[in-house]
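Enquirer: Below you will find the structure I want to go over with you.
We did not get these values from a lab; they are worked out from the coordinates using the rules stated. No experiment lies behind these values; they were computed from the predicted model shown. Every residue, glycine as well, gets a Cβ built from its backbone with ideal geometry; the counts of neighbours run over all protein chains shown.
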Amino acid sequence: MKGIPLEHILLLSAVLFSLGVLAVITKRHAVVVLMGIELIFNAANLNLVAFSRYDASLLQGQLFSLFVMVVAAAEAAVALAIVLRVYQHFKTANLNQINHLSK
Amino acid sequence: MELPALIAPLAGTPQSKLALLVLLLPLLSFVILFLFGKRLPRRGDWLGISMTALAVAISAWLFMETWNTATFHSRIVWFSLPALGGSLTDFTAGVLLDNLTVLMLVIVTFISLLVQLFSVGYMHGDEGYSRYFAFLGLFTFSMIGIVLVDNLLLLFMFWELVGFSSYLLIGFWFERPAATAASKKAFLVNRVGDIGLLLGLFAFYTYFRTFDLEALRTLIGTGRWTEEGFALTYILNGQKWLVEMPALLLTFAGLGLFMGCVGKSAQFPLQVWLPDAMQGPTPVSALIHAATMVAAGVYLLARCYAFFTVDALTVIAVVGAITALVGAIAALTQYDIKAVLAFSTISQLGYMVMGMGTGAHDASLFHLTTHAFFKAALFLNAGIIIHAMHRGLHRAHQPHDTDAQDIRNMGGLRRVMPLTFYTYVVAAAALVGLPLFSGFLSKDAILSGSWAWAQAMSAGGNGLYYIVPVIGFAVVLLTAFYMGRHMWFMFFGTFRLPFEVRELRVSAGQEVERVMALPVMLLAILSVGAIFSWNPFSFSSSWVLQGISLGKLSEEGALLADNLLQAVGAQDAANHIAHLVIGVFSALLGMAGIGLAIAKYRHIAKEALLQEQPQTAMARLSYNHFYLDPLYQRIIVQPAQLLAKSLYRLDKRVIDYTLDYGSKWLVVGAKIVGGFDRLVVDGAVWLLSALPRLFGRVGRGLQNGKVQSYYVYSLFGFILVILYIIVF
């Protein structure tokens, strides 16, 4: 089987993961942080898809990445809802200002 | 012999209760006069005198009751001390009235009364008038105590009281340095003797387990001499005790008691306090010399006569003879009117002690009695003369440094002071021992006794014992000489000061204050021999002597030196011719002494007498009392002071210095320990609290509430885990 070599995909996945982490750590807005988390998910999915070439008969890696996407969609909905509630409660979505357990 | 039975309480009798009253009357007068004397009318002299007069009256009644008729002894348990074995040892206190006690009681109270009467005139106008009478009361109380008590412990307490009250009276004029020095000297010298007395008491108590005089005498009566010494048995706490004492120890115990007498009765070598003691008022000197203080020592010897061994008695006799000689020689050259009498007292006390030592116990007490009266008469007369001299010097406006007590400044007084002269003559004749006067009887008795003693002691062939009676005879001659000289200086020739001798009289018609004349006249009458014996030439018929003989005072064989005393008594009874010879010889010696004195001084001019000084080396030796004072100063006082000073220096330089530096080093040590505490101990505790604080601060910093930081921490941890997996 010929195509893109595995190292390239793993490199791309690592870059995506690093960018996601960077976004999660540095961004102030909660929604942007969520976006960073999606990048990390996708870096993981990319790895799953890439490694599924060693399982050509069953493609368990590609299947598992589909599950991840579904769960990630649900998780994003829940997380956005939480961000919305937090915003309503604290009147801000800036994570630097949300450092108290209650107000 | 059951010891507790010997000291069982004895019921009181009216006589013993009255005797207690006699004891307490002077004490009462002391307390009242000391506290309120200055506020009483006449400053309270009547109080002291009436109390003493009452005491004299009661004493006289007790004398009648007791003399040759009965002995009253009352005793109570004073206190009890726990002894070995859980039982109690009883200490008793009591009053003993026998012939000796009542005789002394009458003498003490009577002389004290006369002295107080005399003092009304003599001390008139003195600042401390009421204090003076108070102290006389205390003095009389102490002496009566010594006489009345029935045991040695109480006797010692009163003994010390006598010492203390004599200190108060000798130093009565405490603003005079000489008087305070004399009182201190008397007190300290007496302490030396008292140490011996105390040791004697300890020794007797250790062996006999009681202080009671009667019990001691009875115990000694039950003992016997063995090879080892004196042995006796008694029952104490239900056990039988056999007590054996070496003769040497008994001798030393007796000499301990005698040391008390040496101090108080001014015996050689402790007699130096007595001449100084005349710094007190003259009536006090009369009291000290006649009745209260110096008599105590002789009384002690008489009371404890049963406790002296033959050796102890020999020492006593020799000390007495030396004292008699030393006192008489020192009296030969004195110029102070009181100094002559003071040295004469030393000499006469030497006689008494010599009499005690030579077994003439009764003669010695007899001499104590007669001496009390004639010496009191002499001293009170001396007081009259000093008083008159002061009056004369004051009226004639003489310089203040003229000595009123110097007999060189007198002379020819017999014409203006006949009463004083005649009473003085009677008393001096008694002192010299001329026939018909009291001193003749008692001195003769002592001389006969000492002669018999020397005969008995020399039976073994050693003639040295004859020295004692020979000294006795020599002292008769010396006594006569110094009294003759003394009288010649004062009463004969012409008055040697540059004013009329009439100025000495109170007024032209009156020689002396009546209150001062009466005691002197009474005492002069009591110096006549017929008062004491119906036959004034023979002492053996004296009622006093018969009343205080050994047979009357103690039971048969109750003496340690019984064998010797019986031998002396037998020898004395056999000496018919010797008695006669001794009597005549001593009378002749007395007259010879007076004759010598008159022959020496009658042709010396008035101016020469006024300027007379001790010329020869012997005379200077006598005048300075054998240089005993400088000698004691050199060998005792100065070393003691040197020791005190060096000890003080040692204290200052070594002990104080050490303490000083020790304390400084202690402070340094404390500072070091304090620093350790602060740095190490406190620091450890501080560290213990500071570490959690530090950790807390770090932990608090991590938990800043920011989601992203938590994420970073977990990521960091995740990376660490990955690293761990990769590396290992």
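Enquirer: Among the aspartates and glutamates, which fall within straight-line cross-link reach of A:K91, defined as a Cα-Cα distance under 17 Å, with same-chain neighbours fewer than 8 residues apart omitted?
Expert: none
Enquirer: Hey, another quick one. Short version: ³J(HN,Hα) in whole Hz for each residue of segment B:145-158, in order, from phi by Karplus 6.51 cos²θ - 1.76 cosθ + 1.60 (θ = phi - 60°), x for Gly and Pro, what are they?
Expert: Result, ordered by residue: x, 4, 6, 7, 5, 10, 9, 6, 5, 4, 4, 5, 5, 5 Hz.
Enquirer: Report, in debye and to the nearest 20, how large the dipole of segment B:1-142 comes out about its Cα centre when Lys and Arg carry +1 and Asp and Glu carry -1 on their Cβ.
Expert: Rounded to the nearest 20 debye, it is 480 debye.
Enquirer: Got a sec? Charge dipole of the protein assembly as shown, +1 on Cβ for Lys and Arg, -1 for Asp and Glu; which of B:V680, B:Y648, B:V568 is way out at the positive end?
Expert: Positive-most Cα among the choices belongs to B:V680.
Enquirer: Using the Cα atoms as the points, what is the convex hull volume per residue of the protein assembly as shown in Å³?
Expert: In the protein assembly as shown, the Cα convex hull volume per residue is 394 Å³.
Enquirer: May I ask for the distance between the Cα centers of segment B:664-728 and segment B:249-312, given as a whole number of Å?
Expert: 93
Enquirer: How well do other chains shield peptide A:18-29, expressed as the mean number of their Cβ atoms within 10 Å of each residue Cβ?
Expert: Rounded to a whole number, the mean comes out at 1.
Enquirer: Residue by residue through segment B:113-123, what is 3J(HN,Hα) from phi via Karplus (6.51 cos²θ - 1.76 cosθ + 1.60, θ = phi - 60°)? Round to whole Hz and write x for glycine and proline.
Expert: 4, 4, 5, 5, 4, 4, 5, 3, x, 6, 9
Enquirer: If amide H atoms are built 1.01 Å from N in the plane of the peptide, which residues on other chains or at least 5 residues away come under 5 Å of the amide H of B:V512?
Expert: B:V506
Enquirer: Within segment B:439-541, report the chymotrypsin sites (Phe, Trp or Tyr not before Pro) that DSSP leaves as loop and that have at most 14 other Cβ atoms within 10 Å.
Expert: In loop regions of segment B:439-541 (DSSP not H, G, I, E or B), the sparsely surrounded chymotrypsin sites (Phe, Trp or Tyr not before Pro) are B:F499, B:W534.
Enquirer: What order do you get for B:H576, B:H486, B:H390 when you list them from fewest to most C-beta neighbours inside 10 Å?
Expert: B:H576, B:H390, B:H486
Enquirer: Right, something else. Once you have all Cα-Cα distances for segment B:578-649, histogram them in 10 Å bins from zero and send the whole-percent values.
Expert: Over segment B:578-649, the share of Cα pairs per 10 Å bin runs 15, 21, 22, 20, 13, 8, 1 percent.
Enquirer: Now for a different question. Can you give the local net charge around B:A445? Use residues other than it whose beta-carbon is closer than 10 angstrom to its beta-carbon, Lys and Arg +1, Asp and Glu -1.
Expert: For residues surrounding B:A445, the net value is -2.
Enquirer: Residues of B:705-713, mean number of Cβ from any other protein chain within 10 Å of their own Cβ, rounded to a whole number?
Expert: 4
Enquirer: A further question follows. Other chains near B:277-284: what is the mean number of their Cβ atoms within 10 Å of each residue's Cβ?
Expert: For peptide B:277-284, the averaged partner shielding equals 0.
Enquirer: Using a Cα-Cα cut-off of under 16 Å, which aspartates and glutamates could be cross-linked to B:K184, ignoring same-chain neighbours fewer than 8 residues away?
Expert: Straight-line reach from B:K184, under 16 Å: B:E160, B:E175, B:D194, B:D276, B:D629.
Enquirer: Explain nothing, just the number: relative contact order of segment B:1-122, from Cα pairs under 8 Å at least 6 residues apart, as a whole percent.
Expert: Over segment B:1-122, the number comes to 31 percent.
Enquirer: Something else: Can you run phi through the Karplus equation (6.51, -1.76, 1.60; θ = phi - 60°) for segment B:691-699 and list ³J(HN,Hα) in whole Hz, with x for Gly and Pro?
Expert: Once rounded to whole Hz, the list reads 4, x, 4, 4, 4, x, 4, 4, x.
Enquirer: Further question: When only Cα pairs under 8 Å and 6 or more residues apart are kept, what is the percent relative contact order across chain B?
Expert: Normalised by residue count, the contact order of chain B is 12 percent.
Enquirer: Could you compute the net charge surrounding B:V654? Neighbours are other residues with a C-beta less than 15 Å from the C-beta of B:V654; K and R count +1, D and E count -1.
Expert: That sum, taken over residues with Cβ under 15 Å, equals +1.
Enquirer: So, one more: For segment B:140-186, which chymotrypsin sites (Phe, Trp or Tyr not before Pro) are both in a DSSP coil and crowded by at most 13 other Cβ atoms within 10 Å?
Expert: Sparse-neighbourhood loop chymotrypsin sites (Phe, Trp or Tyr not before Pro): B:F174.
Enquirer: Another question, if that's okay. Restricting attention to segment B:84-189, which GluC sites (Glu not before Pro) occupy a DSSP loop and are surrounded by at most 11 other Cβ atoms within 10 Å?
Expert: B:E127, B:E175
Enquirer: Let me ask something additional. Exposed loop sites here are trypsin sites (Lys or Arg not before Pro) in DSSP loop states with at most 15 other C-beta atoms within 10 Å. What is the longest stretch of chain B lacking them?
Expert: The longest such stretch corresponds to B:1-601.
Enquirer: Relative to the Cα centre, what is the charge dipole magnitude of the protein assembly as shown, using +1 at the beta carbon of each Lys and Arg, -1 at the beta carbon of each Asp and Glu, and rounding to the nearest 20 debye?
Expert: The calculation lands at about 3380 debye.
Enquirer: Skipping prolines and chain starts, which residues have an amide H placed within reach, meaning under 5 Å, of the one on B:L88, given they are 5 or more residues away or on another chain?
Expert: Under 5 Å from the amide H of B:L88: B:A83.
Enquirer: Right, here's the next one. Considering amide H positions built from the backbone, and no H for Pro or chain starts, which residues 5 or more places from B:L10, or on another chain, come under 5 Å of its amide H?
Expert: Sorted by chain and number, the residues that satisfy this are B:R75, B:I76.
Enquirer: Expressed as a whole number of Å, what is the distance separating the alpha-carbon centroids of segment B:82-145 and segment B:178-242?
Expert: Using only Cα atoms to place each centre, the spacing works out to 23 Å.
Enquirer: Here's a follow-up. Please state, as a whole number in µm²/s, the translational diffusion coefficient that the Stokes-Einstein equation yields for segment B:601-728 at 37 °C and 0.692 mPa s, with Rh defined as the Kirkwood radius across alpha carbon pairs.
Expert: In µm²/s, the coefficient rounds to 126.
Enquirer: When we measure straight from the Cα of B:K185, which lysines land under 22 angstrom away, once same-chain ones fewer than 8 places off are left out?
Expert: Of all the lysines, those that pass the test against B:K185 - Cα under 22 Å, at least 8 places apart if same chain - are B:K264, B:K338, B:K645.
Enquirer: How large is the dipole of segment B:191-275 about the Cα centre if only Lys and Arg carry +1 and Asp and Glu carry -1, each at its Cβ, rounded to the nearest 20 debye?
Expert: My answer is approximately 160 debye.
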